[in-house]
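Working notes for the structure below.
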Amino acid sequence: MQCLNRVFLIGHLTADPDSKTTENGHTLTTFSMATNRPVKHENGEKEQVTQFHRIVAWRKLGDLCAKSLTKGSLVLVEGEILYRSYKDDDDKTRHLTEIKADRVTFLRIKKDKLEVEETTGEVIED
């Protein structure tokens, strides 16, 4: 039986992307994005719950995100959820959840209408 690990997120960047080049010469761009979902409590009160997601984009997609995105940009991210652990400076184990982006579509709202910009990045394996 095949398994599937696929996620689609639409939200706004919470800060400008951070980009660096690895020792192998590949671009690694990370950014945080926020998504909102409505919640209705038992007492009938409604609120928006915000969740934050760490996005990782590699190579050409990373280059494109670094050049084109800024804080507040509206994007559709398609990718997979990754979980990893590492030891911090105090030798404590830290756990991290990331979305490895395979595609980032730049969106915009113009006159209360959602538009997809022509620029879409997609991972092209070397």
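The values are calculated or read from the model by the stated rules, or taken from the named source; none is laboratory data. Quick caveat, the model's predicted, so the values are computed rather than measured. A quick note on method: Cβ atoms are made from the backbone with ideal geometry, for glycine too, and the neighbour counts reach across all protein chains shown.
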So T14 passes all but one of these: (1) modelled with pLDDT of 95 or more; (2) surrounded by fewer than 10 Cβ atoms within 10 Å (Cβ to Cβ); (3) of a type in the set (S, T, Y). Which condition number does it fail?
(2)
Kindly evaluate G79 against the criterion of being in a strand (DSSP E or B) and under 22 Å from I109 (Cβ atoms).
no
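The rows are residues; the columns are (1) of a type outside the set (S, T, Y); (2) in contact with an Asp or Glu (Cβ under 6 Å, 6 or more places away or on another chain).
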| residue | (1), (2) |
| --- | --- |
| N5 | yes, yes |
| F8 | yes, yes |
| T22 | no, no |
| H41 | yes, no |
| Q51 | yes, no |
| R54 | yes, yes |
| L74 | yes, no |
Would you be able to say whether some residue in the stretch 88-109 is of a type in the set (D, E, K, R), surrounded by 10 or more Cβ atoms within 10 Å (Cβ to Cβ) and in contact with a Ser or Thr (Cβ under 7 Å, 6 or more places away or on another chain)?
yes
Scan the stretch 88-101 and tell me whether some residue there is in a helix (DSSP H, G or I), of a type in the set (K, R) and under 19 Å from the mean Cα position of the chain (by Cα).
no
Counting only residues that are within 20 Å of I81 (Cα to Cα) and surrounded by fewer than 11 Cβ atoms within 10 Å (Cβ to Cβ), how many does the stretch 17-37 have?
1
Which pairs do you get when a residue that is over 14 Å from I55 (Cα atoms), found in the stretch 66-80, comes within reach of a residue that is part of a loop (DSSP other than H, G, I, E, B) and at pLDDT below 95, reach meaning Cβ atoms under 9 angstrom, with the pair 6+ apart or on two chains?
none
Since A57 meets every condition but one in (1) closer than 18 Å to N5 by Cβ; (2) of a type outside the set (D, E, K, R); (3) out of contact with any helix residue (DSSP H, G or I) (no Cβ under 7 Å at 6 or more places or on another chain), which condition does it not meet?
(3)
Quick check on my filter: what residues within the stretch 38-59 are charged (D, E, K, R), over 17 Å from D102 (Cα atoms) and surrounded by 10 or more Cβ atoms within 10 Å (Cβ to Cβ)?
E47
Could you tell me which residue of the stretch 60-83 is surrounded by the most Cβ atoms within 10 Å (Cβ to Cβ), considering only residues that are over 19 Å from H12 (Cα atoms) and either modelled with pLDDT of 95 or more or among the β-branched types (V, I, T) (or both)?
L82
